[in-house]
Amino acid sequence: MFEKVFVEKEIRHHPRTLHILSKLRKEPFLIDQIEDYFGRVKKPYLQKRDNLNLFIGSKKGRTVKQAPDAYGLGGEPHYYFIHAYNCIYECEYCYLQGYFNSPDMVFFINHEDIAKEMKQLIDNNAEKTIWFHAGEFSDSLALSHFTGEIPFYFDFFKDHPEAKLEFRTKSANTREIEKMAPLPNVITTFSLSPQERAEKTDRGCPPTSTRIRAMEKLYKLGHPIGLHLDPIIHSENLFSEYAQLLDELTEKIPADYFEYVSIGVVRFTKEVYRQVQLNYPESDLLVGEFIKPEDGKVRYPGSLRKHILGKIQKMCLEKGFKNEAVYQCMEN
Ligand code: SF4
C-alpha cells in the first residue's frame, strides 16, 4: 500500500510504531520530524494512486480543535481531534484535495496528548455533553487495524461517560470496534450514498451494500451507530435511489436504532472545487448548477438545497428515524 515509510526517530521504538511497522513489514526511513518532509514539495493529489508514502510521528501543538458550527446535533459543543492526515480512498468530492501539499498519509501516535486535551475540555465544561469527532482529516476506521488506537479511546470514554466520541467512516472496516464491549457514548457513524452514486464518485471505497453489512454487524453487537447521508449529489433519479437505499438499510437495522442521521448536500470551498475540476474534469459532480455566494462556498442554489434536504429528511422520518435524531448539516 505504501511506497516508503518514514518514522520520526523519537518514536521509532514506541509500541504503537512497532505495531504499525509489524503490519506493514517495511523497513522505515528514520527522520527527525515529519514537518521536514511532508508537504515540503508539492506532490500532485492523484499520485496517491501509485506513489503513496506514510509518515509516522507525534503531533505537535494542538490536537483537539473546535468543530465548525452545525457540525453535529445542535446545542452541544463539538470538537474534532487530529490523529491522521489524508486517506486511502479517493472520493471525487473529498475536501482533502488541495488541503495539504501532499496526499501522503500521516499517522500520529501520541494519543495520550489527545486524551489530555480532551480531559481538560471535559473538566472545563462539566455541565455540558462534549462531542469529540475522529476523522476530520482522514477516515477514522479504514486503517484502524494498522493504527491500533481503538481500545485506547474505548478505555478513555468508558471513564468519561459524560462525553461522546464519534468514529466516522466510509469503510466497512469494523473489526476493531467489533472486539470492544459497546459503550453508549462511543458512536460509529457511516457515510452512505446510493450504490449508483457511490460507484461514480466514492472511488476505492467499499460498495454501499458492504458498508450496510458492516453497520448491521455493529447493530447486532449492540454498538451505537449513526448515519451521514452526506454529500447528496443532485441527479435525475436522486429520490428513487435514496428511497432504495433507505429501504435496504432499514430492512437490516431498525430506523429508530440510529443515534442520529445527518443530511447534507455537496458543497466545496473554492479551492476544493478547483481541485475537483482539475482532478476529475469528466465527473458528473460538476454538471450541477452551482453558485458562489459571498461566504466562499460553492454549492447548489438555496431553493434546490432546500428541496433536496427537505425531501430526504421527510423520507427519513417516514421510514421511522427519530424526529429529534435527523438534522440538516452545515445549512445554518
Ligand atoms: S473517505 Fe472521506 S477522507 Fe477519504 S477520500 Fe472519501 S471523503 Fe476524503
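Considering only the stretch 200-218, state which residues are surrounded by fewer than 18 Cβ atoms within 10 Å (Cβ to Cβ) and either closer than 19 Å to G135 by Cα or touching a strand residue (DSSP E or B) at 6+ places or on another chain (Cβ under 7 Å) (or both).
Answer for the stretch 200-218, where residues must be surrounded by fewer than 18 Cβ atoms within 10 Å (Cβ to Cβ) and either closer than 19 Å to G135 by Cα or touching a strand residue (DSSP E or B) at 6+ places or on another chain (Cβ under 7 Å) (or both): R203, G204.
Examine the stretch 88-103 for a residue that is among the charged types (D, E, K, R) and in a strand (DSSP E or B), and state whether such a residue exists.
Yes; the residues of the stretch 88-103 include at least one that is among the charged types (D, E, K, R) and in a strand (DSSP E or B).
Which one of T147, T169 is under 16 Å from G226 (Cα atoms), polar (S, T, N, Q) and crowded, with 23+ Cβ neighbours inside 10 Å?
The unique qualifying residue is T169.
Can you say whether D32 is more than 18 Å from G98 (Cα to Cα), of a type in the set (D, E) and modelled with pLDDT of 95 or more, as far as the supplied structure shows?
Details: more than 18 Å from G98 (Cα to Cα): yes; of a type in the set (D, E): yes; modelled with pLDDT of 95 or more: yes.
So D32 passes the test.
Can you find even one residue in the stretch 208-229 that is within 16 Å of the ligand (Cβ to nearest atom), in contact with a Phe, Trp or Tyr (Cβ under 6 Å, 6 or more places away or on another chain) and on the phi > 0 side of the Ramachandran plot?
Taking every residue of the stretch 208-229 in turn, none turns out to be within 16 Å of the ligand (Cβ to nearest atom), in contact with a Phe, Trp or Tyr (Cβ under 6 Å, 6 or more places away or on another chain) and on the phi > 0 side of the Ramachandran plot.
Which of the residues spanning the stretch 97-133 are within 11 Å of the ligand (Cβ to nearest atom) and at pLDDT 95 or above?
P103, M105 - these are the residues of the stretch 97-133 that are within 11 Å of the ligand (Cβ to nearest atom) and at pLDDT 95 or above.
Does any residue in the stretch 196-211 that is more than 10 Å from C91 (Cβ to Cβ) come within less than 6 Å, Cβ to Cβ, of a residue that is surrounded by fewer than 21 Cβ atoms within 10 Å (Cβ to Cβ) six or more places away or on a different chain, and which pairs are these?
E196/E241; T208/Q195
So A142 fits all but one of (1) buried (at least 18 other Cβ atoms within 10 Å of the Cβ); (2) within 15 Å of the ligand (Cβ to nearest atom); (3) modelled with pLDDT under 95; what number is the exception?
All conditions are met except number (3).
Specify which of the listed residues (Y93, Y85) is farther than 20 Å from M1 by Cβ and either among the basic types (K, R) or touching a strand residue (DSSP E or B) at 6+ places or on another chain (Cβ under 8 Å) (or both). Please lay out each step first, then the result.
Numbers: Y85 fails: farther than 20 Å from M1 by Cβ.
The conditions single out Y93.
Conditions (1) out of contact with any strand residue (DSSP E or B) (no Cβ under 9 Å at 6 or more places or on another chain); (2) assigned to a loop (DSSP other than H, G, I, E, B); (3) within 24 Å of C205 (Cβ to Cβ), marked per residue:
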{"site": "L18", "(1), (2), (3)": "yes, no, no"}
{"site": "K26", "(1), (2), (3)": "no, yes, no"}
{"site": "V41", "(1), (2), (3)": "yes, yes, no"}
{"site": "R62", "(1), (2), (3)": "yes, yes, no"}
{"site": "G74", "(1), (2), (3)": "no, yes, no"}
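Can you name the helices (runs of 4 or more DSSP H) wholly within the stretch 227-332 that have at least 2 residues being among the acidic types (D, E) and surrounded by fewer than 19 Cβ atoms within 10 Å (Cβ to Cβ)?
238-252
Considering only the stretch 181-199, I want to know if a residue exists there that is surrounded by fewer than 21 Cβ atoms within 10 Å (Cβ to Cβ), within 30 Å of H111 (Cα to Cα) and within 16 Å of the ligand (Cβ to nearest atom).
Within the stretch 181-199 (the criterion being surrounded by fewer than 21 Cβ atoms within 10 Å (Cβ to Cβ), within 30 Å of H111 (Cα to Cα) and within 16 Å of the ligand (Cβ to nearest atom)), the answer is no, since none of the residues qualifies.
Please find, among F107, F100, the residue that is surrounded by fewer than 19 Cβ atoms within 10 Å (Cβ to Cβ) and in contact (Cβ under 8 Å) with a residue 40 or more places away in the chain.
F100
Listed residues S262, S303, S240, S283; which is hydroxyl-bearing (S, T, Y) and under 22 Å from I177 (Cβ atoms)?
S262
State all residues of the stretch 187-221 that are of a type in the set (V, I, T) and over 17 Å from V276 (Cβ atoms); if no residue qualifies, say none.
I187, T188, T189, T208, T210, I212
Restricting attention to the stretch 70-96, and to residues there that are within 16 Å of the ligand (Cβ to nearest atom) and of a type in the set (F, W, Y), which single residue is nearest to V261 (Cα to Cα)? Lay out the reasoning, then the answer.
Taking the stretch 70-96 first, the residues within 16 Å of the ligand (Cβ to nearest atom) are 71, 80-96.
With the extra rule that they be of a type in the set (F, W, Y), the set shrinks to 71, 80-81, 85, 89, 93, 95.
Values: Y71: 12, Y80: 18, F81: 21, Y85: 25, Y89: 23, Y93: 20, Y95: 21 Å.
By that ranking, first place goes to Y71.
Only residues that are in contact with a helix residue (DSSP H, G or I) (Cβ under 7 Å, 6 or more places away or on another chain) and of a type in the set (S, T, Y): list them for the stretch 143-173, please.
Of everything in the stretch 143-173, those that are in contact with a helix residue (DSSP H, G or I) (Cβ under 7 Å, 6 or more places away or on another chain) and of a type in the set (S, T, Y) turn out to be S144, T147.
The values are calculated or read from the model by the stated rules, or taken from the named source; none is laboratory data. Since this is a predicted model, take the numbers as computed values, not measurements. As a convention, Cβ positions derive from the backbone with ideal geometry for all residues, glycine included, and neighbour counts pool all protein chains shown.
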